[in-house]
Amino acid sequence: MTVGNPTENTGAERPAKAMGRGEGLSDSRGFDWRDPWRLGKRIKHILPRSLLGRALLIMVMPLILVQIITAWVFYDRHFDYITDNLARALASEIAVVTEHLLREEDPAKRQEIFNLHGNLLWMKLSFKQHETLPPDHATRKGYMVRKLRRALNRRVSFNVSIDSEQAGQNVVVFVQMLDGVLRAEIHRERLFNSTSDLFVIWMVGSSILFFGVATMFMRNQVRPIRRLARAAERFGKGRDTPSFTPEGATEVRQAAAAFIQMRDRIRRQMRQRTEMLAGVSHDLRTPLTRMKLSLALIGDGPELKELRSDLVEMERMIEGYLAFARGEGSEAMRPTSLGDLLSEVVEQTQRELANQQGKTLDVHIEEQVSLPLRRNSMRRCLQNLVSNALRYGDNVSIRLGREGPHVVLVIDDDGPGIPEEMREDVFKPFFRLDTSRNPETGGTGLGLTIARDAVRSHGGDVRLEASPLGGLRVRLRVPV
């Protein structure tokens, strides 16, 4: 036996998945959004898979739609209406100033008009004679500037120019009069309604607050479901769940109560089976012991030798039947190194094969992993698998390693193998594959059944595949 780096990976090559409709599409082929089936597959792939994510999506999507509709109505109706009214009011005020300027040519009178309107209308007015209209500096034509320009063109009968870039927080309107240019500087607040900012702040703030509260609430609702899933997973792996109690919503409590009833019923049936088999074992072994004692007292003889052989065979068959029926029994799970357990089984098997020529056994243990196991049950499983491979093959290779959350044991032999269509049948109790296995080798047809039963009681499984050596590959997976 050799322990070290493997020469072969424990993971078998996965066959390429056949492409079905809507699957395996590469980017070069493009995506036809007109195909509703593929569109549904794409949307399903994007949507969250967890219950928490889907519940939040159900609550958030209507909220987003309501906010979009509200924002559209607000900006299309209210904001547009208010901004348009502000722009028209400002344009009307500038039109009034221009009319007063046309009637007064005296500079002193004009200055009084500027002071009066400037104080009342919150704008800075000035007039430069013999000046021409400056170029338009409203290069970044925002929504409010467009509204103001449209209103000025309707209210003022002179050419206008707007500067929204060089005045900081102010907007400057220039009006080309007959004898000069009127300059009106207005603060942006006169064109902007502050309620729009408050509306956006309240809308976004309330949405974030709602999302946070909904997330905390949904986490509390999902937590009991996760605890139920973990409890079911632990029970499926054969581990105890003493602290699990029903909690959460009514439906979750009902599911948890049903799980507890199922768990107790399965445990009760297992306990009753173990107690019954203990009595059956005692009742069967007692007459066998008396028969062996009687044969020992009679003496030796050719006919007695065959009888003793039959008695040994009967005892071995009864042990096999009891081992199968006993299953995992009441053995407790303890942290065990699967690599050490495999090494013990291999050493015992090598001692038994010391007198057999032509049998080779190659073992590679990649990593020592300790996990909760029923030691006797798993030892019986490994013994059945290793001895089964050595019985039908001359060269056996064993690889033990870790693949993600599982410990994987791969056993390859160069024996006759098993046809693919019959690889599941051999796990049935008392099934013997006479067409591919030599019936003279003995056996009760329970070896692989006991092995799979033991592994599944730990939450794992045993699969049969074609071996690269030409025989059978046994793949055992146990969750860590």
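List of remarks:
- Its alpha carbons give segment 369-417 an Rg and a Dmax of 12.4, 35 Å.
- Here's how it looks for MET177: its modeled amide H is under 5 Å from those of LEU182, which are all 5 or more places away or on a different chain.
- Available extension along the chain between ARG226 and GLU247 is 6.4 nm, counting 0.36 nm per residue and deducting the alpha carbon span.
- Nonlocal amide H pairs with GLY417, under 5 Å, H built at 1.01 Å: LEU472
- The simple Förster model, with R0 at 45 Å and r as the Cβ-Cβ distance, assigns SER370 and GLN67 a FRET efficiency of 0.25.
- Accessible surface of segment 331-412, 1.4 Å probe, proportion on carbon and sulfur as whole %: 41
- Highest-first arrangement of 424-430, 144-150, 263-269, where packing means the average Cβ count within 10 Å: 144-150, 424-430, 263-269
- Average accessible surface area per residue within segment 197-258, 1.4 Å rolling probe, Å²: 66
- Per-peptide average of other Cβ atoms within 10 Å, ordering 204-217, 372-385, 461-474 highest first: 372-385, 461-474, 204-217
- Remark: the ILE58-LEU311 segment gains 84.1 nm on full extension, using 0.36 nm per residue and subtracting the alpha carbon distance.
- Modelled spin-label separation between GLU105 and LYS292, with each label point placed 7 Å from Cα along the Cα-to-Cβ direction: 14.0 nm.
- In this structure the amide hydrogen of VAL369, modeled in the peptide plane, comes within under 5 Å of the amide hydrogens of LEU338, GLY339, none closer than 5 places in sequence on its chain.
- Potential extension, VAL280-PHE431 segment - 0.36 nm per residue separation minus Cα distance: 52.0 nm
- Accessible surface of segment 170-308, 1.4 Å probe: 62 percent of it comes from carbon and sulfur atoms.
The values are calculated or read from the model by the stated rules, or taken from the named source; none is laboratory data. Predicted model, so just to flag it, every value in this text is computed and none were measured. A quick note on method: Cβ atoms are made from the backbone with ideal geometry, for glycine too, and the neighbour counts reach across all protein chains shown. Heads up: the accessible areas ignore ligands, DNA and RNA and are worked out on the full protein's heavy atoms, side chains in. Shrake-Rupley method; radii C 1.70, N 1.55, O 1.52, S 1.80 Å.
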